[in-house]
Amino acid sequence: MYKNINFSSKFKSANILSFFIFIMSVLFILFKGLNYGIDFKGGTLIELRADSKNINISEIRSSLNSINLGDVNVKEFGKKGDFLIKVEQKMENNSQLVPEIKKTLINNLNAEINFRRVENVGPKVSSELLQSGIIAISLSLIAMLFYIWIRFEWQFSVGSIVALFHDVIITLGIFSVLSLEINLSIIAAVLTIVGYSMNDTVVIYDRIRENLNKYTRLNISETANLSINETLSRTIITSITTLLALLSIYILGGEILRGFSFAMILGVLIGTYSSIFVAAPVLKFFKVSYKTLEKKEEKIVP
Amino acid sequence: MLNFSKINIFLIYLVFLLISFFSILNFQSQQDPLIDKKVNLGLDLQGGSYLLLEINSDPLIKEKIQSKVIPLKKLLKDNNLNYSNFKINEKSLSFSVNDIEKFKLFFFSKKDNFLNPYIDNYNSFELDLEEVDKSRVQVLFSKYGLLTINNSALKQSIEIVRRRIDDVGTKEPTILQRGEKRILVELPGLKDPERIKNLLGKTAQLNFRLVEVNEEFGVDKLVSEIGEELNVSKRIVMSGENLIDAQPNFNNQSNRPTVSFTLDRLGAQKFGRATTDNVGKRLAIILDGKIISAPSINEAIISGSGIISGNFSFQEATDLALLLRSGALPTPLTVVEERTVGPDLGEDSIKSGITSLIVGFVLVILFMIYKYKIFGLIANLALIANLIMLIGVLTILEATLTLPGIAGIILTVGMAVDANVLIFERIKEELKTEKSIIHAFEIGYSKAKITVLDANITTLIAAVILFAFGSGPVKGFAITLGIGIITTLYSAYFLARHLTSIIVLNKKEGKVNL
């Protein structure tokens, strides 16, 4: 399945595109913001199932309006008759909120109601969760930076981190554009994206390193192009199998995993793209050649 | 890379079989387990409640600093120190004293210091002194004094929480300390946590105090449950500490629920004396600052037992008895995080999780066979072995499987074939230049080794960080993802390689269909 596609000729236009999307993502994250779920914003979430299919959103809304809850968000969730209610946090201690909502709905709705899920996160805990999420993502980026630095040269390390930033920011940017909820499982997805994208980048970098030593007459563009082509079928096959698994979760895994699997699908697509069109061009930018590798050569070759 | 010694082959399959054996344990009958190990289902899969409680030690500190007033004044008097302007603040005591240096000497004395004991564990005094100006000082708890108060309050709270939850009788509750101020409670199978939340939300400080008719100094105005405003003496006749048992009952005459209680010897004495001296007066029974009831004392009660009758339902009487039995919490507890999943949602999650796992698995298997024919089959065998080992390791660790954890397994299925894809693609390349098939496979395997390792270690790093920082279900994802990487490497580099070697070595110089 050896292809000979001239990737390096497209580096420039791809980089302009990446840069544009990256900046747009940053702008969206800054100005439109991210739609934090109750994990990170605090508040109450109630998932309920009504046995009567005739219950509609407006009935739930109007019955909840009778108690003063402030900012309430009701939406359909999965099957018909399933609803998700979200209430924003107003004060630290609202231990009576959930029982009150339950009572109101049971009294006002003409249906048997099953409360399937209740989550209540206080403002202190939610800010701690957000903080540890940010720390976890930053730490993983730093850990990757060091790992690649140890295994390769600093130019590779910078390239892989640029690619990771690219992936994480654009994934979050798309979440911002689509107003999708950011919760704990999205942080898990972002970290997995970091791992996956890195995985992809490492495979290509590994080959670039090998080819730089093997074909010392080729320049970095040619070497990168050769390496990307050589590993292309692997890149595609692994992306396909991973996407098959993820699509299966997205379609069949239920409502709770939908956001997670969507983030992962985005991440795999963007991560695959960035390994070829972001991570490799960075090496070109630094004018990496076989000479760059000489210092470390003895250590690396197994 | 294709030559395996007999001992190697033996070890490779021995490890595989040993780990696989543990995965079977999950399917043994519940009654008579051979080895009692299995993968636990997380609360999101089996249904249940997760509560994070936080103690608030501020009222306790206020109480403790107030208890220092008398010993402090005594210390000042005993040592002929003149003080003035004595003030009791929220968390400190402040006053002016004529000789600060002399006061310090006594204040920070390690010998027989009743006011300010020395805490050996921390090499620090319980109290600290701040000089506000030349003559005025402020006494407050030291950092370690506060820590000691907080720690003992937390330990005590955990104990009381455990007693209350055990008393309600839920199955296999988990009660753990989390950090310095928090208690984690997991209640599997619990459908509605409201009752437990109610029980844990009450400190249950019980007091018996006399109702005074005329308003004078030393009286609190309290409202009873039926709305009656009463003047209650500040002096506590007896408190809940003296209670040894409490049970819900029915009053035969009024047919209303009541709570009967039994006192210890000291309590019985105190109670006997107070009721003897105050026949005709009313005695207020106060729980957390609210009067439950205020019956008249008809006769002296010296038996050491009594009955609380109030305006409650049988459920409330049961809960009150439970609270009194388990004792008072040292400080109020608040629920700072709650996650409850109903059992039917858990079942749905398991169903959809397993369906998507099977579908994802079948899709990947079909794709691999389409792509690599016989070697795809080997990759698939490795993949199946990988899954069995993954479940085996989870069983050995008795890890908790969550919904994101199942997602982690599915993702492992998708990514696991990567190791074999990397190797096969490399071999294909080598086959183009290399005449000997065996040689091509040899080189392919050894060249791909570093890449496979590098690529997987990066994902492993992400999984480890996720495990360290994630909470609950997300941790479950990190576990399956991390273990999945290790079993993937094992199955690709040992199992699949050995199977490949059998095929390649038997084909000799024929054609290989890769």
Kirkwood Rh, angstrom, chain B [1 / mean 1/r, Cα pairs] | 29.2 Å
Apply the Debye scattering formula to region B:202-336, with a single equal point scatterer on each alpha-carbon and no solvent, then give log10 I(q)/I(0) at q = 0.14, 0.17 Å⁻¹.
-> -0.62, -0.94
Taking the Cα centre of the protein assembly as shown as origin, work out the dipole magnitude from +1 charges on Lys and Arg Cβ and -1 charges on Asp and Glu Cβ, in debye rounded to 20.
-> 2100 debye
What does a probe at B:ASP166 reach in region B:306-346, counting residues whose amide N is under 13 Å from the point 7 Å along Cα→Cβ?
-> B:326-327
On a C-alpha basis, how far is the centre of region B:422-463 from the centre of region A:94-145 in Å? Whole number, if you could?
-> 45 Å
Taking the Cα centre of region A:6-165 as the origin and placing charges on Cβ (Lys, Arg +1; Asp, Glu -1), which of A:VAL121, A:SER63, A:ALA50 is farthest toward the positive end of the dipole?
-> A:ALA50
Links exceeding 30 Å between C-alpha atoms in this model, out of A:LYS32/A:LYS124; B:LYS64/B:LYS270; B:LYS351/B:LYS428; B:LYS74/B:LYS181; B:LYS191/B:LYS351; B:LYS62/B:LYS171, come to B:LYS351/B:LYS428; B:LYS74/B:LYS181; B:LYS62/B:LYS171
So what's Rg/Rh here for region B:134-203, counting alpha carbon atoms and using the Kirkwood radius for Rh?
-> 1.20
Between region A:166-242 and region A:1-73, the Cα center-to-center distance that results, in Å | 24 Å
May I have the pair-distance distribution P(r) for region B:406-514, computed from all Cα-Cα distances with 10 Å bins from 0 and rounded to whole percent?
-> 14, 40, 25, 15, 6, 1
Net charge near B:GLU194: determine it from the other residues with C-beta under 15 Å of the C-beta of B:GLU194, scoring Lys and Arg +1 and Asp and Glu -1.
-> +3
Averaged across the residues of B:466-477, what count of C-beta atoms belonging to other chains lies within 10 Å of each residue's C-beta?
-> 6
Which whole-number percent gives the relative contact order of chain B, counting Cα pairs below 8 Å spaced six or more residues apart?
-> 19 percent
Using alpha carbons only, what's the Rg to Rh ratio of region A:201-302 with Rh from Kirkwood?
-> 1.13
Percent of Cα pairs exceeding the 33 Å cut-off, where the set is the protein assembly as shown = 65 percent
Evaluate the Debye formula for region B:59-146 with equal point scatterers sitting on the alpha carbons, no solvent, and hand back log10 of I(q)/I(0) at q = 0.12, 0.20, 0.22, 0.24 Å⁻¹, in q order, two decimals.
-> -0.32, -0.94, -1.14, -1.36
Total Lys pairs in region A:43-121 closer than 17 Å by alpha-carbon, pairs eight or more apart in sequence or interchain only?
-> 7
Go through region B:210-261 and name the GluC sites (Glu not before Pro) that are in a DSSP coil and have 12 or fewer other Cβ atoms within 10 Å of their Cβ.
-> B:GLU215, B:GLU216, B:GLU228
Can you work out the PRE-style zone for A:TYR215? Point 7 Å along Cα to Cβ, and I want the residues of region A:1-31 with backbone N under 20 Å.
-> A:1-12
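Output the relative contact order of region B:202-336, whole-number percent, from Cα pairs under 8 angstrom with separation of 6+ residues.
Relative contact order for region B:202-336 comes out at 33 percent.
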At least 24 Å along the helix axis (C-alpha) and Kyte average at least 1.0, DSSP helices within chain B = B:6-24, B:343-396, B:437-469, B:473-490
Restricting to aspartates and glutamates and to Cα separations under 12 Å from B:LYS281, and discarding same-chain partners fewer than 8 apart, the set is B:GLU212, B:GLU299
The aspartates and glutamates whose Cα lies under 15 Å from the Cα of A:LYS41, excluding any fewer than 8 residues away in the same chain, are A:ASP71, A:GLU88, A:GLU92, A:GLU119, A:GLU128, A:GLU181, B:GLU337, B:GLU338
For B:LYS447, list the aspartates and glutamates whose Cα falls under 12 Å from its own Cα; do not include residues on the same chain fewer than 8 positions away.
-> A:ASP206, A:GLU210, B:GLU425, B:GLU429, B:GLU430
When the gyration tensor of chain A is built from Cα positions, what are the square roots of 5 times its three eigenvalues, in whole Å, from largest to smallest?
-> 48, 19, 15
Per the rule of 0.36 nm per residue minus the C-alpha distance, extending B:ILE384 to B:LYS134 adds in nm 82.1 nm
Please give the contour-minus-distance gain from A:PHE286 to A:ILE106: 0.36 nm per residue of separation, less the Cα-Cα distance, rounded to one decimal in nm.
-> 58.2 nm
What is the Cα coordinate range of region A:43-121 on the first, second and third principal axes, sorted by size from largest, in whole angstrom?
-> 35, 23, 17
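Where a number appears in this text, it was derived from the coordinates with a stated rule and is not lab data. Source: prediction; values computed, not measured. As a convention, Cβ positions derive from the backbone with ideal geometry for all residues, glycine included, and neighbour counts pool all protein chains shown.
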